Amino acid sequence: MTIKAIYPPPAGRPRWSSEATIAAGLDYLSWGWREYGRHPIPLARHEGWTYQVVVAGTIRLRLEETEMPIRDGTVVLISPECAYGWSGRASERCKMLSWIWRNPPADIPLHSDREGWLAIPLLPAALRALHQLHRETRSEATLDRPLSSLALGTIRTRIDILLTRAMQVEQGGLNSRFRVAWQWLADHPEELRPVRALCDHLQISSSTLQRLFRQHKKMSVREAALTIRMRAARELLKNPSVSGKEIALQLGYAHANDFSRAYTSFWGQSPLSERRRGK
């Protein structure tokens with residue numbers, strides 16, 4: 001069983017705790033560059049809710065059953081029930097911002113998933129706003145001014161609102177991206193490497209792209225592209241003035257035989273049989 005503990009960064013790396021932060025329910029505050037490859041954080045549970053922002057670089061989130069990369073521009077929200085740690089390559093550094101708040105988000109639909117953690121990609125404007133909120137947190141915490149505890153509570157609320165909106169933008173953005181991706185495939189049935197082309201066109205990772213298609217069409221990107229290509233082929237075959245070789249070239253195949261095999265495998269009959277049947 002994993003223990004409950006907060007592992008501070010190596011000596012000299014910035015972090016803070018004060019009477020004001022404790023009174024505001026902020027158990028831990030840190031920022032700056034980290035070398036998790038050289039100084040990994042062991043698996044542990046925390047009393048509070050972790051908000052970790054990857055500003056630059058890539059780190060690996062360690063869970064009890066697996067680990068995964070977290071890219072820059074992402075905030076990870078982790079509940080007290082989830083044991084986690086951080087690691088990375090020895091040669092890599094990352095710049096991060098971190099809060100651990102004692103209480104869960106209040107009155108805001110910002111909750112981790114059934115696994116106890118949630119990764120939220122941020123648009124540049126949201127990342128800048130979160131950076132500013134961390135600076136305000138540090139200012140209130142380190143100066144420990146009158147009303148700092150109240151100010152920190154207000155900052156916490158603003159953080160939660162920002163992240164809730166970021167989640168809404170992501171969901172709406174993903175739906176919009178899928179529509180763009182599907183239309184792009186429809187406009188480019190000749191593309192035989194759709195994953196790489198769409199990732200470049202949409203500026204998203206292949207895993208995000210595949211998740212989009214699984215969520216919306218219950219199929220992979222390649223399956224979707226093949227379906228669109230074969231439907232386009234069937235329509236082209238209805239035109240007797242277009243030869244099978246011309247159709248193959250229009251759909252990205254270097255050889256007519258490659259097209260014929262793909263068509264037969266998909267529809268269960270050859271292009272020639274399809275054309276004869278349509279007469």
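On the basis of the beta-carbon distance and an R0 of 35 Å, GLU92 and ALA256 show a calculated FRET efficiency of 0.10.
Rounded to the nearest whole Hz, the Karplus-based 3J(HN,Hα) values (6.51 cos²θ - 1.76 cosθ + 1.60, θ = phi - 60°) of the stretch 130-139 follow the sequence 5, 4, 5, 5, 5, 4, 5, 4, 4, 4, with x at glycine and proline.
Annotation: for a label point projected 7 angstrom from Cα along Cα→Cβ of ALA106, residues of the stretch 133-163 with backbone N closer than 19 Å are 137, 141, 147-163. With both labels modelled 7 Å from their Cα along Cα-to-Cβ, the HIS39 to THR157 distance reads 3.6 nm. Of PRO240, SER207, PRO124, which is farthest towards the positive pole of the chain's charge dipole, taken about the Cα centre with +1 and -1 on the beta-carbons of Lys, Arg and Asp, Glu respectively? Projecting each Cα onto the dipole axis, the largest value belongs to PRO240. Helices in the chain, meaning DSSP H runs of at least 4 residues, each add -39500 (n - 2.57). Divided by all residues, the mean residue ellipticity at 222 nm is -15000 deg cm²/dmol. Each of (i) 26.7, 85; (ii) 25.6, 86; (iii) 20.2, 61 is a candidate for Rg and Dmax of the Cα atoms in Å; the one calculated from this structure is (ii).
In sequence order, the stretch 213-229 has phi-based couplings of 6, 5, 5, 8, 10, 6, 8, 6, 4, 5, 5, 5, 5, 5, 4, 4, 5 Hz under the Karplus curve 6.51 cos²θ - 1.76 cosθ + 1.60, θ = phi - 60°, and Gly or Pro positions carry x.
Across the stretch 154-161, coupling constants 3J(HN,Hα) worked out from phi with the 6.51/-1.76/1.60 Karplus curve, θ = phi - 60°, read 5, 4, 4, 4, 5, 4, 5, 5 Hz, and Gly and Pro carry x.
Taking amide H positions as modeled 1.01 Å from N, with prolines and chain starts lacking one, the residues under 5 Å from TYR36 and 5 or more places away or on another chain are CYS94.
Only Lys, Arg, Asp and Glu carry charge here, each on its Cβ (+1 for the first two, -1 for the last two); on that basis the stretch 25-154 has a dipole of about 520 debye about its Cα centre. Residues whose amide H lies under 5 Å from that of ILE59, counting only those 5 or more places away or on a different chain, are ILE70; hydrogens are built 1.01 Å from N in the peptide plane. Here the Kirkwood formula, the inverse mean of 1/r across different C-alpha pairs, assigns the stretch 212-272 a hydrodynamic radius of 12.1 Å.
Taken together, the values in this text are just the output of simple stated rules run on the coordinates, not laboratory data. None of these values were measured; they are calculated from a predicted model. Don't worry about glycine lacking a Cβ; one is built from the backbone with ideal geometry, like all the others, and counts go over all protein chains shown.
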